[in-house]
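Novice: My questions will all concern the structure given below.
The values are calculated or read from the model by the stated rules, or taken from the named source; none is laboratory data. As the structure is a prediction and not an experimental result, all values here were calculated from the model. Quick reminder, even Gly has a Cβ in these numbers, built from the backbone with ideal geometry, and neighbours come from all protein chains shown. Accessible surface is based on the protein model in full, side chains and every heavy atom, while ligands, DNA and RNA are left aside. Shrake-Rupley method; radii C 1.70, N 1.55, O 1.52, S 1.80 Å.
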Amino acid sequence: MSDQPPEGGPVAGPDGKLRCPWGLSAPEYLAYHDEEWGRPVRGDTAIFERLCLEGFQSGLSWLTILRKRENFRAAFAGFDARAVAAFGEQDVARLMADAGIVRNRAKINAVISNARAALDLPDGLSALVWKYASESGPAPRTLAEVPAVTPASKALSAELRRHGFTFTGPVTAYATMQACGIVNDHLAACFCRDRWSRA
């Protein structure tokens, strides 16, 4: 029996605590992993922000998005859906000229149209997304056991699409579920696993 941790398994951080290995891959990830990822998030604005940021991340590194997060918040009125829904062509031009964010016209337009769609949800975005929370199965032991898509994320994506959302495919939906603690994908031995399990 090897004393080496399994590949993709938890790694000890600078404080000796075991963490999901990605949480130690860049300095910015440490606080995000320890304080945010997998912690239950509720509220329409908070969920909307994470859904938008996961949409911007599509095809890019999450680290890129994390480093630009404050710029995104400033550019998109703190992700207040009512404010973003009122954005017009001048706002799109302003955003396309903003080097502090990801300047992708399709993604920018998606945030604006998604804000409008969010305002039309009868019970709000948070309630819609949290409908897809369920008792999780066994905790993943390695990153290889963490899925990219689940039946719940496919169903969430389909419901969002029915309500007019775009850039919210099953992978983006699942990443949002992970980020918002709707599922707990911290590895079994990660110190955050039980910390957020029912926060």
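Novice: Checking the condition under 18 Å from Ala115 (Cβ atoms) and open to solvent by 40 Å² or more (accessible area, probe 1.4 Å), which residue from Ala12, Ala86, Ala81 passes? Before you say what the answer is, go through the steps one by one.
Specialist: Details: Ala12 fails: under 18 Å from Ala115 (Cβ atoms); Ala81 fails: open to solvent by 40 Å² or more (accessible area, probe 1.4 Å).
Only one candidate qualifies: Ala86.
Novice: Looking only at segment 160-171, decide whether some residue is open to solvent by less than 20 Å² (accessible area, probe 1.4 Å), among the hydroxyl-bearing types (Ser, Thr, Tyr) and assigned to a helix (DSSP H, G or I).
Specialist: Going residue by residue through segment 160-171, those that are open to solvent by less than 20 Å² (accessible area, probe 1.4 Å) are 160, 165, 168.
If we keep only those that are among the hydroxyl-bearing types (Ser, Thr, Tyr) too, we end up with 168.
In the following step, the residues that additionally are assigned to a helix (DSSP H, G or I) were identified as none.
No, that holds for no residue.
Novice: Does Arg94 satisfy the criteria of being at pLDDT 95 or above, surrounded by fewer than 21 Cβ atoms within 10 Å (Cβ to Cβ) and not in a helix (DSSP H, G or I)?
Specialist: Numbers: at pLDDT 95 or above: yes; surrounded by fewer than 21 Cβ atoms within 10 Å (Cβ to Cβ): yes; not in a helix (DSSP H, G or I): no.
When the stated conditions are applied, Arg94 does not pass them.
Novice: Restricting attention to segment 119-131, does a residue exist that is open to solvent by 60 Å² or more (accessible area, probe 1.4 Å) and of a type in the set (A, V, I, L, M, F, W, C)?
Specialist: Here is the first cut: in segment 119-131, the residues open to solvent by 60 Å² or more (accessible area, probe 1.4 Å) are 119-120, 122-123, 131.
Remaining after also requiring of a type in the set (A, V, I, L, M, F, W, C): 119.
Yes: segment 119-131 contains one or more residues that are open to solvent by 60 Å² or more (accessible area, probe 1.4 Å) and of a type in the set (A, V, I, L, M, F, W, C).
Novice: If you check every pair at least six apart or on different chains, which have Cβ atoms under 8 Å apart with a residue in segment 149-162 that is over 8 Å from Ala173 (Cα atoms) and of a type in the set (A, V, I, L, M) first and a residue that is open to solvent by less than 50 Å² (accessible area, probe 1.4 Å) and in a loop (DSSP other than H, G, I, E, B) second?
Specialist: Pairs found: Ala152/Tyr132; Ala152/Val183; Ala155/Tyr132; Leu160/Thr168.
Novice: Follow-up question, since we're still on this one. Going by the conditions given, is Ile112 among the β-branched types (Val, Ile, Thr), surrounded by 17 or more Cβ atoms within 10 Å (Cβ to Cβ) and closer than 24 Å to Leu24 by Cα? So that I can check it myself, show each step before the final result.
Specialist: Details: among the β-branched types (Val, Ile, Thr): yes; surrounded by 17 or more Cβ atoms within 10 Å (Cβ to Cβ): yes; closer than 24 Å to Leu24 by Cα: no.
So Ile112 does not fit the description; no.
Novice: Could you please let me know if Arg73 is of a type outside the set (Phe, Trp, Tyr), surrounded by fewer than 19 Cβ atoms within 10 Å (Cβ to Cβ) and under 18 Å from Ala175 (Cβ atoms)? I'd like the intermediate steps shown before the answer.
Specialist: Values: of a type outside the set (Phe, Trp, Tyr): yes; surrounded by fewer than 19 Cβ atoms within 10 Å (Cβ to Cβ): yes; under 18 Å from Ala175 (Cβ atoms): no.
Taking the combined requirement at face value, the residue does not satisfy it.
Novice: Right, something else. Give the residue, chosen from Ala93, Ala97, Ala127, Ala139, that is closer than 30 Å to Phe191 by Cα and free of Cβ contacts under 8 Å to residues at least 40 places away in the same chain.
Specialist: Values: Ala93 fails: closer than 30 Å to Phe191 by Cα; Ala97 fails: closer than 30 Å to Phe191 by Cα; Ala139 fails: free of Cβ contacts under 8 Å to residues at least 40 places away in the same chain.
After applying the criteria, what remains is Ala127.
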